[in-house]
Every structure is written in structure tokens, then in C-alpha cells.
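Here the structure is laid out as C-alpha cells; the discussion comes afterwards.
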Amino acid sequence: MAIEEYEIQPLFAEPFFRTNISKAIGEEEIAYIKNLKTVPNKANLISDNLYIFEEPELVDVKAAVQEVLDFYASEVMGITQELYVTQSWALVNHPNTGMHGHSHSNSIISGSLYYCELPTPGSSMVFDRHKSYQQLQFIIEKEKQNIYNTPLNIITPKSGEVFLFSSGLQHFVENNTASKARYSIAFNTFIRGTIGELRDVSQLTL
Ligand SMILES: [Fe+2]
């Protein structure tokens, strides 16, 4: 019997959020971040300072990111608690370097900020459905790929954009094939407020 009528619906979906905050980032801030001391981080470079949003020079950038987090908590997560930045750091991917696959522990939502001009061709951020060993590894036919079976989601940033995504998602950054360095900021967040229910004895104030 040929199946002619059927229906598929997503039971749950994973949000990926992006918005542009370039208006909140000035030349002085760009120069300050680019000049931060960096140390080796496997293939790329990471700032020695891992709390850069606590620096007075970046107070306006931090406020703009906080506005995005407030919007995300309210409009995407639909919660009344506050998301706030925990650690924040700068990254430099020189030509021919990318960023190994990883996810962000002890964080709820992670983000990246492309605070200055990005080189061309751009290198994308790649989200991987799988985090580790796959007991069953299916090869998906290209023309049959869809949101239910795709192994990867590839997202190319634009200058001035902030990305927000669930911290548990495995991701990596493609090799920088441009002749100039690719600069970005990354950050983690946690939640402030009370979650759970008093009478369920699940209440937790953070
Ligand atoms: Fe990351």
C-alpha cells in the first residue's frame, strides 16, 4: 500500500537566536578587545582574561548583551527569571585555524558576539547533533535531509551579530580560510531568581 497522506510534526524544537547589536559597539571598544592579551587555546587564541565583560571599558557592550539576554529569557524561554553573563572571553582565529568541537558546562545559554568586521570568506559555526560515540551511525541521503535527521546545522555569522544557543549543544568553528584574523567574543550565562514550586518541594532560589 502506498502511503499518500501523512503528517509529521516537531514535538520539541531547539532555538537558535541571532540579532545585530553593532550600534552598541564603538571603535574604542573594538580596539580594546583586539588588544587584550591572548594565550593558546588548542588551535586558536583565547584572552587571558576570562571575565572581559567585567572590565569598565566594556560596560556598554555588556549592557547591550544583557538587553538581548533579557529579551531571550522573556520572549524565547518565556520565563520571568533573569539570565546573566558568568564568564566572557575573546577569541582570535588566525588564518588556517578553527575551533575544536565543544559544549559549555555550568551554563544555561551560551553566546557569541562578532564585535568587529569579519573576514571573507567567512567561517561558520557548526552545530552537531551528536556529542560523542554513536552506537548507530546513519548516513543521511542529502536530498532527504530535514530538521528531524540532519546531523549538522551550519550558521555563518555577520559582523555585529550576537548568537544565543543552549549551552549543551555541541559546536565547532570551521577553519578560517581568509587571509585575515577572525575575531569574536564568547560568553556563558546562568539564571538569577527563584525556580520550582514551594509546595512541590522543588523550589530553588539562585
Ligand atoms: Fe563555544
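Derivation of every value follows stated rules applied to the coordinates shown; laboratory data play no part. Bear in mind that the values here come from a model prediction, so they are computed numbers and not experimental data. Glycine also receives a Cβ, built like all others from the backbone with ideal geometry; neighbour counts cover every protein chain displayed.
The fewest-to-most ranking of Leu118, Leu113 by surrounding Cβ atoms within 10 Å reads Leu118, Leu113. State the Cα centre-to-centre distance between the stretch 131-160 and the stretch 1-29 in whole Å. Each part reduced to its Cα centre gives a spacing of 14 Å. Taken about its Cα centre, the chain carries a charge dipole of roughly 640 debye when the Cβ of each Lys and Arg holds +1 and the Cβ of each Asp and Glu holds -1. Each helix, a run of at least 4 DSSP H residues, gives -39500 (n - 2.57); summed and divided by the residues of the chain, these come to -3000 deg cm²/dmol at 222 nm. For the stretch 71-199, the orientation-averaged shadow of the C-alpha convex hull comes to 10.8 nm² (one quarter of the hull surface).
Note on Tyr51, Tyr72: ascending count of other Cβ atoms within 10 Å places them as Tyr51, Tyr72, the fewest first. For the options Phe12, Phe165, Phe127, a Gaussian network treatment of the chain with springs between C-alpha atoms closer than 10 Å singles out Phe12 as fluctuating the most.
Considering only Thr194, Thr120, Thr177, give the residue with the highest GNM mean-square fluctuation for the chain, with springs between Cα atoms whenever their separation is below 10 Å. Checking each option, the largest mean-square fluctuation is seen for Thr194. Think of the stretch 51-176 as having a plus end and a minus end, set by charges on the Cβ of Lys, Arg, Asp and Glu; of Asn93, Ala63, Tyr115, Asn93 sits farthest toward the positive end of this dipole. Based on every Cα atom in the stretch 1-148, Rg and the maximum pairwise Cα distance Dmax equal 19.5, 69 Å.
Counting only residues at least eight positions apart within a chain, or on another chain, the aspartates and glutamates with an alpha carbon under 19 Å from that of Lys34 are Asp48, Glu54, Glu55, Glu57, Asp60, Glu117, Glu161. Charging the Cβ of each Asp and Glu at -1 and of each Lys and Arg at +1, and nothing else, the dipole of the stretch 1-104 about its Cα centre rounds to 540 debye. Largest first and in whole Å, the equivalent-ellipsoid semi-axes of the stretch 1-54 read 46, 18, 10, each the square root of five times a Cα gyration tensor eigenvalue. Would you work out which of Leu136, Asn149, Thr189 lies farthest towards the positive end of the dipole of the chain? Charges go on Cβ: Lys and Arg +1, Asp and Glu -1. Farthest along the dipole direction, towards plus: Leu136.
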